[in-house]
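The values are calculated or read from the model by the stated rules, or taken from the named source; none is laboratory data. All values reported here derive from a predicted model rather than from experimental measurement. Here Cβ is always computed from backbone atoms with ideal geometry, including for glycine, and neighbour counts include all displayed protein chains.
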Amino acid sequence: MTKDWIDIQKDDKHVARERTKARELRQSSWWKSCIARGICHYCGKTFKSSELTMDHVIPVARGGKSVRSNVVPSCAKCNKSKRHFTPAEMILAEMEKAEKEKSQPAVEVNGNESC
């Protein structure tokens, strides 16, 4: 996936407003119960609640809001790899990566062709 195929024109006022809402939401009992489960929404692995971050499924920079239906617990690795992408864009990126890997020829190791 190329870095420039998504044109992000963020509204700085919207981003500031939603970041404030996110800080408030992090203090809610609802959010605290979400992270207390200790499960990353994306990879499904278990973490300490202190290791989970709040991820906006639709990124704030892309018009997403800081509401319960748009935030999920995420481990740092998943949150970092998701960046500013939407779920659909993540799926497209995975498909593109799989297609590139599929089109590359197998490499021989010790005279044996790899899988």
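Conditions (1) at pLDDT below 85; (2) within 22 Å of Leu52 (Cβ to Cβ); (3) over 24 Å from the mean Cα position of the chain (by Cα), marked per residue:
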{"position": "Ser74", "(1), (2), (3)": "no, yes, no"}
{"position": "His84", "(1), (2), (3)": "no, yes, no"}
{"position": "Glu89", "(1), (2), (3)": "no, no, no"}
{"position": "Ala93", "(1), (2), (3)": "no, no, no"}
{"position": "Glu99", "(1), (2), (3)": "no, no, no"}
{"position": "Ser103", "(1), (2), (3)": "yes, no, yes"}
{"position": "Ala106", "(1), (2), (3)": "yes, no, yes"}
{"position": "Asn112", "(1), (2), (3)": "yes, no, yes"}
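Please tell me if Gly64 is surrounded by 12 or more Cβ atoms within 10 Å (Cβ to Cβ) and either modelled with pLDDT under 90 or not acidic (Asp, Glu) (or both).
Yes; evaluated as a whole, the condition is true for this residue.
Quick check on the range 37-48. Is at least one of its residues exposed (fewer than 12 other Cβ atoms within 10 Å of the Cβ), among the small types (Gly, Ala, Ser) and more than 17 Å from Lys82 (Cβ to Cβ)? The answer is no; no qualifying residue exists. The set of residues in the range 1-43 that are under 30 Å from Glu99 (Cα atoms), at pLDDT 90 or above and either out of contact with any strand residue (DSSP E or B) (no Cβ under 7 Å at 6 or more places or on another chain) or hydroxyl-bearing (Ser, Thr, Tyr) (or both) contains only Tyr42. Within the range 33-70, the residues that satisfy the criterion of being within 29 Å of Lys10 (Cα to Cα), of a type in the set (Val, Ile, Thr) and not in a loop (DSSP other than H, G, I, E, B) are Ile35, Thr53, Val60. Which one is nearest to Arg23 (Cα to Cα), of the residues in the range 67-83 that are surrounded by 15 or more Cβ atoms within 10 Å (Cβ to Cβ) and touching a residue at least 40 places away in the same chain (Cβ under 8 Å)? So, considering only residues that are surrounded by 15 or more Cβ atoms within 10 Å (Cβ to Cβ) and touching a residue at least 40 places away in the same chain (Cβ under 8 Å), the one nearest to Arg23 (Cα to Cα) is Val71.
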